[in-house]
Amino acid sequence: MKQLLIFIRKEFYHVFRDRKTLLMLFGLPIAQIILFGFALTNEIKNAKIVVMDYSKDITTTQITDKIEASKYFDIEKSLMSHREIEDKFKEGKIKLAVIFPENFSNDLFHLHKAQIQIIADASDMNTANTLTNYLSAIMLDYQRELVKHAIIPMSIVPEIRMLYNPELKGEHTFIPGIMAMIMLLVCVMMTSISIVKEKELGTMEILLVSPFKPIMVIFAKFIPYLLISFFNVTSILLLSVYALHLPIQGNIFLLYGESLLFIVTGLSIGLLISISAQSQQTAMFGSMMATMLPTLLLSGFMFPIENMPMPLQIISNVVPSKWFFIIVKAIMIKGAGFTTIWKETLILVGMTLLFLTISLKKFKIRLA
């Protein structure tokens, strides 16, 4: 018994002496509770919406004030044209539009029934459903207040239109997300392992002292994975169109061009990891941490970024898949052109140049 206690005490010493183990044992559960309990939530707050009021009377003003007072909505503008609303939806700047028709109050108080149009961006099915439910609840609450003082019951009938995804198919959300995750995972993981493997086998030094320039060695590593990733893009698009019946609304060449940019971004991240890592296991772990987890948690694919605390929203900006997810949704689902996604494209170009510059610089240092 005494020996057992000694061994147990020894094991405790081992655990508490190793900072990495302590971080894993105590830091990871705390971080997961904070992330999944407080930061990553499907509840939507402060969603950007617009209100288009053709009636402009006391009733529509009261309803608008009630919407604005809600924690769920943040009204961007109170008056816009239909064309402007469509542009805002394509740019992804609003989630919902509320349109009051002419004679809204007149219909409500004289006909005891008035219609209100709600347009939701259903390219994200879950968000669209949640927001329309929030808005319907606000309308119902206002209606109850009216009925308290009225002799004849009155009703507000919401006419809901789901933009881009009228049938509320889940494919509209998960295909762009899966596309971003698969491409990043394949490009980063394969590139990082490929170069580290050469380093472990000792053949990288032979390649570097060969007549080929180091940059040629890197390009030779890049090109097979570039072609494989292009094949993956084509496979995903063919499956989405012919198997899942999700048509590509935008320009196919623009989508391929943006995919090429994202593939190069992934390859440059893989190159940076491979130069920094000393073993295949380290490269694999680094790839998983740099690609899969950020794509799942911080790209907007599974959890709305707008609802996260400000520090996480800032961190999400350095996740490349977040920008590619926005680009693919805009081209495939909304049929948007380059004028809509140029900012996201520039961000990806900047990230790619940064990763490549750092990688090449570290590569030259190693040669020295």
- State whether one or more residues within region 237-246 are more than 23 Å from the chain's Cα centre (by Cα), among the hydrophobic types (A, V, I, L, M, F, W, C) and more than 22 Å from K362 (Cα to Cα). yes
- Scanning region 299-321 for residues that are surrounded by 14 or more Cβ atoms within 10 Å (Cβ to Cβ) and under 16 Å from F262 (Cβ atoms), which turns out modelled with the lowest pLDDT? F301
- For region 207-226, does any single residue satisfy the condition of being surrounded by 14 or more Cβ atoms within 10 Å (Cβ to Cβ), at pLDDT 80 or above, under 26 Å from L298 (Cβ atoms) and within 21 Å of the chain's Cα centre (by Cα)? no
- Note on the structure: Matching residues in region 169-191 (open to solvent by less than 50 Å² (accessible area, probe 1.4 Å) and not in a helix (DSSP H, G or I)) number 1
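Report the residue count in region 151-174 for those that are small (G, A, S) and farther than 30 Å from V241 by Cα. Give the derivation first.
Residues of region 151-174 that are small (G, A, S), as a first pass: 155, 170.
Filter once more, keeping what is farther than 30 Å from V241 by Cα: 155.
Qualifying residue count, region 151-174: 1.
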- Message: Which count do you get for residues in region 62-118 that are under 30 Å from K343 (Cβ atoms) and of a type in the set (G, A, S)?
- Response: 5
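Could you list, in sequence order, all residues of region 50-65 that are of a type in the set (V, I, T) and over 11 Å from I99 (Cα atoms)?
I58, T59, T61, I63
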- Message: Taking the criterion of being in contact with a His (Cβ under 9 Å, 6 or more places away or on another chain), within 17 Å of L244 (Cβ to Cβ) and not in a helix (DSSP H, G or I), would at least one residue in region 135-150 satisfy it?
- Response: no
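The values are calculated or read from the model by the stated rules, or taken from the named source; none is laboratory data. Predicted model, so just to flag it, every value in this text is computed and none were measured. Neighbour counts are summed over all protein chains in view; Cβ atoms, including those assigned to glycine, are modelled from backbone coordinates with ideal geometry. With ligands, DNA and RNA removed, areas are computed over all heavy atoms of the protein, side chains included. Shrake-Rupley method; radii C 1.70, N 1.55, O 1.52, S 1.80 Å.
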